[in-house]
Amino acid sequence: MTTYWLTRFYFQRALGFIYTLGFLIAVNQFRALCGEKGILPVHLFLKKIEFWDSPSLFFLNSSDNFILVLSYLGLGLAILATVGISDSFGPWVSGIVWFSLWLIYLSFVNVGQTFYSFGWETLLLETGFLAIFLGSSNTTPSTLVIWLMRWILFRLMFGAGLIKLRGDECWRDLSCMQYHYETQPMPNPLSWYFHQLPNFINKGAVLFTHFTELLVPFFYFAPKPYRHWAGFITILFQGMLILSGNLSWLNYITIVLCIVCFDDSILPRLELWTKTMGLSAAENVGAIMGHPLVYIVTSVILLLSIKPTINLISPRQVMNTSFDPLHLVNTYGAFGSITRKRYEVILEGNNDLSPEHWQEYTFKGKPSEVERRPPIISPYHLRLDWQMWFAAMSSYENSPWILSLVGRLLQGNEQVTALLRGNPFGTTPPKYIRASLYEYNFADSKNKNWWVRRYAGEFLPALSLDNQNFRNILLDQGWMN
């Protein structure tokens, strides 16, 4: 008989770790991004929407203090889930902890606007919702919930595969990896070495991508050992992605979902820990947690899966989209198109407009200084850095939040400035800020720098709070306090 005691044990602790990352990021970044004096304040967003369009606890209170309370509450609960303390108090306490984690994180995602618009946010919510019904160490794991988790993993991987085939032609001619390592959102130190690989290896990597995303997912539902092999191959694939770049926790939560491909017959048993947590199948023979509720949840998930499934098979497939405000069943996909050139928006400040006095702001993760080695960031996520990568793909009109960013820097906003790696002006903000566009390329092995760059044009003209038009925009949008 196939059992999932250890599957649940590993899965819950791994998912708790992902939640811990999400709330740690909220503690460190959310006030600067969406706080009272943030780049896109929550209280302004809430005036434009109805509760049922975007349910969130922030409708009760959107102050910075409340943001901190929810951030630290979520962080504390996530740590409890990670170490398994809540699991030892029985199914109802465990269920309440997992429900609270889902509700609090949903509250952040639904008001986080462009800074929380990534597929891994809804993936965490969808996975976290099902985790509520997995039970605790003294209840039999629900096989139905395990299968629903595999359904998430299938849509995640197969959707990513289909969007590639339907998208950029470089996925079909096997040339995408010639560009990806250099132009991905946030390269890491190994990205440079991956970029130097010969073309035949890069083409092989694309073929392996298609194999893993288009064929392997069907074996998530197969009997063992085929299901086990599907899980191993997907984990291997995600591990290669982790080595080649910083993609937030997307690859890590995918690995977490792969745990449901395995059962107790293959997972290692950590005797001391599992006995401490009461994980002895001979002792734990309780009923499935909320058995009727599991069937109701399964029915709801299947019903909500209709639209995402139609999207999955549609030639007009969209990726990373939610079909309900609770993000219970979503559609996923990644890198349907690959950029051929890397552009970066570089912010510069000045006090007198003298050409020689412009000084650059530097970022924690995204390329700015050509001599700086790309950092290792993931599974942590630098939300502003990531959005700057998107902003460089078009004009600032398509990323109006960047005007708020400039305004906050000109106002000397300490929370926003703390999102940056380097502020050349200290506690006294400059009088002018401009944004320039540069094309970046990896330097060759003979160059002492990691990057070479060339000026590609103006992104934003020099702006000042003395500029009445700019000032009026900030005041009209509520971006000036």
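Quick look at the numbers
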item	result
Criterion violated by N320 - all others in (1) open to solvent by 20 Å² or more (accessible area, probe 1.4 Å); (2) of a type outside the set (F, W, Y); (3) more than 18 Å from the chain's Cα centre (by Cα) satisfied	(3)
Filter result for the condition that a residue is touching a residue at least 12 places away in the same chain (Cβ under 8 Å) and of a type outside the set (K, R), over N447, N413, N469	N413
Scope region 169-189; condition within 13 Å of F335 (Cβ to Cβ) and either in contact with an Asp or Glu (Cβ under 7 Å, 6 or more places away or on another chain) or open to solvent by less than 20 Å² (accessible area, probe 1.4 Å) (or both); matching residues	C170, W171, C176, M177, H180, Y181, T183, Q184, P185
Leading residue by the ranking (surrounded by the fewest Cβ atoms within 10 Å (Cβ to Cβ)) among those in region 1-60 that are without any contact (Cβ under 8 Å) to a residue 24 or more places away in the chain and touching a helix residue (DSSP H, G or I) at 6+ places or on another chain (Cβ under 7 Å)	F51
Helices (runs of 4 or more DSSP H) fully within region 1-88 counting 3 or more residues that are of a type in the set (F, W, Y) and modelled with pLDDT of 95 or more	5-25
Selected residue (criterion: nearest to I18 (Cα to Cα)) from residues of region 353-388 that are open to solvent by 30 Å² or more (accessible area, probe 1.4 Å) and outside any loop (DSSP other than H, G, I, E, B)	E360
Filtered residues of region 463-481 (kept if open to solvent by less than 40 Å² (accessible area, probe 1.4 Å) and more than 31 Å from the chain's Cα centre (by Cα))	L463, S464, L465, F470
Filter result (closer than 16 Å to L247 by Cβ and either of a type outside the set (S, T, Y) or assigned to a loop (DSSP other than H, G, I, E, B) (or both)) within region 172-191	C176, M177, H180, E182, Q184, P185, M186, P187, N188, P189, L190
Region 93-103, residues that are surrounded by fewer than 23 Cβ atoms within 10 Å (Cβ to Cβ) and touching a residue at least 40 places away in the same chain (Cβ under 8 Å)	V93, G95, L103
Any hit, region 432-448, residues being at negative phi, surrounded by fewer than 15 Cβ atoms within 10 Å (Cβ to Cβ) and of a type in the set (D, E)	yes
Filtered residues of region 241-264 (kept if surrounded by 16 or more Cβ atoms within 10 Å (Cβ to Cβ) and out of contact with any Pro (no Cβ under 9 Å at 6 or more places or on another chain))	L241, T254, I255, V256, L257, C258, I259, V260, C261, F262, D263, D264
Count - residues of region 389-432 that are closer than 29 Å to P189 by Cα, not aromatic (F, W, Y) and not in a loop (DSSP other than H, G, I, E, B)	9
Any chance D385 is of a type outside the set (A, V, I, L, M), more than 21 Å from I473 (Cα to Cα) and more than 25 Å from the chain's Cα centre (by Cα)	no
Search result, residues across region 105-117 that are closer than 21 Å to Y252 by Cα and either in contact with a Leu (Cβ under 8 Å, 6 or more places away or on another chain) or of a type in the set (V, I, T) (or both)	Y105, L106, F108, V109, F115
Residue that is nearest to G349 (Cα to Cα) [pool: residues in region 425-458 that are among the hydrophobic types (A, V, I, L, M, F, W, C) and touching a helix residue (DSSP H, G or I) at 6+ places or on another chain (Cβ under 6 Å)]	I433
Which numbered condition I306 fails, given (1) open to solvent by less than 20 Å² (accessible area, probe 1.4 Å); (2) modelled with pLDDT of 95 or more; (3) closer than 30 Å to W151 by Cα	(1)
Subset of region 120-136 (residues that are more than 22 Å from L419 (Cβ to Cβ) and open to solvent by less than 10 Å² (accessible area, probe 1.4 Å))	L123, L125, E126, T127, G128, L130, A131, L134, G135, S136
Subset tally (residues that are closer than 17 Å to F335 by Cβ and either open to solvent by 10 Å² or more (accessible area, probe 1.4 Å) or free of Cβ contacts under 8 Å to residues at least 60 places away in the same chain (or both)) for region 202-238	14
Hits in region 251-270 - residues which are in a loop (DSSP other than H, G, I, E, B) and within 25 Å of the chain's Cα centre (by Cα)	F262
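The values are calculated or read from the model by the stated rules, or taken from the named source; none is laboratory data. Note that the coordinates shown come from a computational prediction; the quantities given were computed from them, not determined experimentally. FYI the Cβ positions are ideal-geometry reconstructions off the backbone, even for glycines, and counts take in every protein chain you see. To get the accessible areas, we keep the full protein, side chains included, count just its heavy atoms, and leave off ligands, DNA and RNA. Shrake-Rupley method; radii C 1.70, N 1.55, O 1.52, S 1.80 Å.
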